[in-house]
There are 4 protein chains.
Amino acid sequence: MSPETPAPSSSTESATRLQELLSQWFAPWVQELGLQVQSCGDGEATLRLPFSEHLARIGGMVCGQALMSAADTAMVLAIVSRLGEHRPMTTVQLNTSFLKPLAGQDALVTARIVRAGKSLVFGEIDIVAASDGKSVCRASTTYALL
Amino acid sequence: MSPETPAPSSSTESATRLQELLSQWFAPWVQELGLQVQSCGDGEATLRLPFSEHLARIGGMVCGQALMSAADTAMVLAIVSRLGEHRPMTTVQLNTSFLKPLAGQDALVTARIVRAGKSLVFGEIDIVAASDGKSVCRASTTYALL
Amino acid sequence: MSPETPAPSSSTESATRLQELLSQWFAPWVQELGLQVQSCGDGEATLRLPFSEHLARIGGMVCGQALMSAADTAMVLAIVSRLGEHRPMTTVQLNTSFLKPLAGQDALVTARIVRAGKSLVFGEIDIVAASDGKSVCRASTTYALL
Amino acid sequence: MSPETPAPSSSTESATRLQELLSQWFAPWVQELGLQVQSCGDGEATLRLPFSEHLARIGGMVCGQALMSAADTAMVLAIVSRLGEHRPMTTVQLNTSFLKPLAGQDALVTARIVRAGKSLVFGEIDIVAASDGKSVCRASTTYALL
């Protein structure tokens, strides 16, 4: 990854704070994803997306809509971990590639800032299967700071 | 649009069938979007995304996650309207641009096949505000036929 | 397309001016594409990409790199046609889908503004085969106004 | 990066072979980029894009068209390094984010396979400034194996 992305220095405290923001900032429908902040660092956040039949299609496959939504949500928290809570922002673009199916298990969603400029923030999200750490979904995104 | 995209020749019957598929094929969480098939044609489908506080952030803005999810869902139905119900497929990529906020109102989500090849289908989705028909979100997507 | 995109009202004069900008603003390597401004309007420009062995791989297929480069170039001119010549801008993102091969013939590259905000401009590009008008390549893009 | 991406085990021999393919497979216009294979491994290739006024706009900024074209080219070689020379393929999609300007210096273009399935290959490209290794451009791409 980019030299601009420092290693995560997760603290329990800040992960707790991001978890609070999850329930304050996001739509009730997004909160139903049940995302759990696992760790965070400077410009980086990892969330667990717990498996649920509610998010699955026939065969237990986690729907792509849930993966995209988790990616977008994780990126907001990664940006907060760098810029703080009081910086309004909006998603400009989110590009998602679905590499392989994820069935019957949790996913880990890691979002990282690739570059934070004055008005635009670029990020990348890697979603891996919790069981083997293999990527199932990758996304790249651009946010505008307002 | 492409000369390969004929004008929609919506029939009540097929719209009803697509509405049934919505409740059979998609995850319960996606069904909570409350999408309603408005019209469909050969390789094209238009869905209404009703406004709901459940999908909204503070200020009544419809969350981007709902728009992306509606786009993906509409595209599946657009492909079904061309290729029929029995062709398994998977989303390879979905790229979404958020043009402007949508607050306190329904959206109309139109998905169209741009090109259907032997193994890949390319599509585009336009999401407009129901009140004025202005685009709030555009997406392009690739599906693999299995 | 969006109701924000008026129909092109091409004038010979402005097409001539855009052609001049092509030779002033762009890298010599990009100018080798030989792009010719065909028409332009408010927020829209159509360029011809003449077929050349210089741009082709074995079999006479126009290389994807030339199509992407033509798309980006056309979009700059479409933005100029709306905002004028003196607005500095930079490409933030360009997403290109290659729908089918283009071999041994010219392409027509039409770029349109989908939405122009205060700091960001969203656009879409359709590249069609000159012979039959069928899309061979689609791109969506975001530019930042500086 | 993904656990599916092994560390590069570059050999001079295979880098030489990829350099030969560069001059055989790509359009003359792409060859003018002057790309030099620096290293390669299993599913990975790093190319140098030498600075040239030919590729630059006013101010010595390397044009985005050259960066996108280098990304696409590097990915083809990364795929060859995994799958061999005799597997026909085509670019389905290339999504490029321009993080910051690159002026007056070489770029290093590293392409890596993220996942290679039966019919689709997903890859990511990181373009860094040769002077400080900072990312100036990121791309993600999908190729179809024919």
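The values are calculated or read from the model by the stated rules, or taken from the named source; none is laboratory data. Worth saying up front: this structure is predicted, and the values here are computed from it rather than measured. As a convention, Cβ positions derive from the backbone with ideal geometry for all residues, glycine included, and neighbour counts pool all protein chains shown.
Within 30 Å of A:Lys134 (Cβ to Cβ) and either of a type in the set (Ser, Thr, Tyr) or at pLDDT below 95 (or both), is that true of D:Ser52?
So D:Ser52 fails the test.
Being within 30 Å of A:Lys118 (Cα to Cα) and in contact (Cβ under 8 Å) with a residue 60 or more places away in the chain is the filter here; which residues of the stretch D:69-100 pass it?
Within the stretch D:69-100, D:Ala71, D:Asp72 meet the criteria.
Are any of the residues in the stretch A:7-30 under 21 Å from D:Val114 (Cα atoms), at pLDDT 95 or above and not aromatic (Phe, Trp, Tyr)?
Checked against the condition, which is being under 21 Å from D:Val114 (Cα atoms), at pLDDT 95 or above and not aromatic (Phe, Trp, Tyr), the stretch A:7-30 yields no hits at all.
Only one of (1) within 14 Å of chain D (Cβ to nearest Cβ); (2) surrounded by fewer than 19 Cβ atoms within 10 Å (Cβ to Cβ) is not met by C:Val76, so which one is it?
It is condition (2) that C:Val76 fails.
Which ones in the stretch B:55-75 are modelled with pLDDT of 95 or more, of a type in the set (Val, Ile, Thr) and farther than 17 Å from A:Leu55 by Cα?
Answer for the stretch B:55-75, where residues must be modelled with pLDDT of 95 or more, of a type in the set (Val, Ile, Thr) and farther than 17 Å from A:Leu55 by Cα: just B:Val62.
Please find, within the stretch B:117-135, the residue that is farthest from B:Gly60 (Cα to Cα) out of those that are exposed (fewer than 14 other Cβ atoms within 10 Å of the Cβ), facing chain C (nearest Cβ under 10 Å) and touching a strand residue (DSSP E or B) at 6+ places or on another chain (Cβ under 9 Å).
B:Gly117
Could you grab me the full set of residues in the stretch D:14-49 that are out of contact with any strand residue (DSSP E or B) (no Cβ under 7 Å at 6 or more places or on another chain) and not hydrophobic (A, V, I, L, M, F, W, C)?
Correct list: D:Thr16, D:Arg17, D:Glu20, D:Ser23, D:Gln24, D:Pro28, D:Gln31, D:Glu32, D:Gly34, D:Gly41, D:Asp42.
Let me confirm something: among C:Thr110, C:Thr90, which residue is assigned to a strand (DSSP E or B), more than 9 Å from every other protein chain (Cβ to nearest Cβ), among the hydroxyl-bearing types (Ser, Thr, Tyr) and surrounded by fewer than 24 Cβ atoms within 10 Å (Cβ to Cβ)?
Of the residues listed, the single one that is assigned to a strand (DSSP E or B), more than 9 Å from every other protein chain (Cβ to nearest Cβ), among the hydroxyl-bearing types (Ser, Thr, Tyr) and surrounded by fewer than 24 Cβ atoms within 10 Å (Cβ to Cβ) is C:Thr110.
Among the listed residues B:Ala45, B:Ala71, which satisfies the condition of being within 12 Å of chain A (Cβ to nearest Cβ) and surrounded by 23 or more Cβ atoms within 10 Å (Cβ to Cβ)? Spell out how you get there, then give the answer.
Values: B:Ala45 fails: within 12 Å of chain A (Cβ to nearest Cβ).
Residue meeting the stated conditions: B:Ala71.
For the stretch B:19-28, state whether one or more residues are buried (at least 17 other Cβ atoms within 10 Å of the Cβ) and either acidic (Asp, Glu) or in contact with a Phe, Trp or Tyr (Cβ under 6 Å, 6 or more places away or on another chain) (or both).
Among the residues of the stretch B:19-28, not one is buried (at least 17 other Cβ atoms within 10 Å of the Cβ) and either acidic (Asp, Glu) or in contact with a Phe, Trp or Tyr (Cβ under 6 Å, 6 or more places away or on another chain) (or both), which makes the answer no.
Given the conditions (1) among the charged types (D, E, K, R); (2) part of a helix (DSSP H, G or I); (3) under 29 Å from D:Met75 (Cα atoms), report the number of the one that C:Arg17 does not fulfil.
Condition not satisfied by C:Arg17: (3).
Taking B:Val128 as the residue in question, decide whether it is of a type in the set (A, V, I, L, M, F, W, C), under 16 Å from B:Ala45 (Cα atoms) and in a strand (DSSP E or B).
For B:Val128, the condition - of a type in the set (A, V, I, L, M, F, W, C), under 16 Å from B:Ala45 (Cα atoms) and in a strand (DSSP E or B) - is met.
Given the conditions (1) within 11 Å of chain A (Cβ to nearest Cβ); (2) within 30 Å of D:Leu146 (Cα to Cα); (3) buried (at least 24 other Cβ atoms within 10 Å of the Cβ), report the number of the one that B:Val62 does not fulfil.
Checking B:Val62 against (1) within 11 Å of chain A (Cβ to nearest Cβ); (2) within 30 Å of D:Leu146 (Cα to Cα); (3) buried (at least 24 other Cβ atoms within 10 Å of the Cβ), the one that fails is (2).
Can you confirm whether A:Val121 is β-branched (Val, Ile, Thr) and either under 28 Å from B:Ser52 (Cα atoms) or over 16 Å from the mean Cα position of the chain (by Cα) (or both)?
Details: β-branched (Val, Ile, Thr): yes; either under 28 Å from B:Ser52 (Cα atoms) or over 16 Å from the mean Cα position of the chain (by Cα) (or both): no.
Against the criterion (β-branched (Val, Ile, Thr) and either under 28 Å from B:Ser52 (Cα atoms) or over 16 Å from the mean Cα position of the chain (by Cα) (or both)), A:Val121 does not qualify.
Across the stretch C:48-59, what is the total count of residues that are under 14 Å from the mean Cα position of the chain (by Cα) and either at the interface with chain D (Cβ under 9 Å from one of its Cβ atoms) or under 24 Å from D:Gln93 (Cβ atoms) (or both)?
Matching residues across the stretch C:48-59 total 1.
Identify the residue in the stretch B:93-106 that is within 14 Å of another protein chain (Cβ to nearest Cβ) and over 23 Å from A:Cys137 (Cβ atoms) and, among all such residues, is surrounded by the most Cβ atoms within 10 Å (Cβ to Cβ).
The residue in question is B:Leu102.
Out of A:Ser81, A:Ser69, report the one residue that is out of contact with any strand residue (DSSP E or B) (no Cβ under 8 Å at 6 or more places or on another chain) and either among the small types (Gly, Ala, Ser) or in a strand (DSSP E or B) (or both).
Selected residue: A:Ser69, the only one of A:Ser81, A:Ser69 that is out of contact with any strand residue (DSSP E or B) (no Cβ under 8 Å at 6 or more places or on another chain) and either among the small types (Gly, Ala, Ser) or in a strand (DSSP E or B) (or both).
Can you tell me which residues in the stretch D:32-63 are within 18 Å of C:Trp29 (Cα to Cα), in contact (Cβ under 8 Å) with a residue 40 or more places away in the chain and not in a strand (DSSP E or B)?
D:Leu33, D:Leu35, D:Pro50, D:Phe51, D:Gly59, D:Gly60
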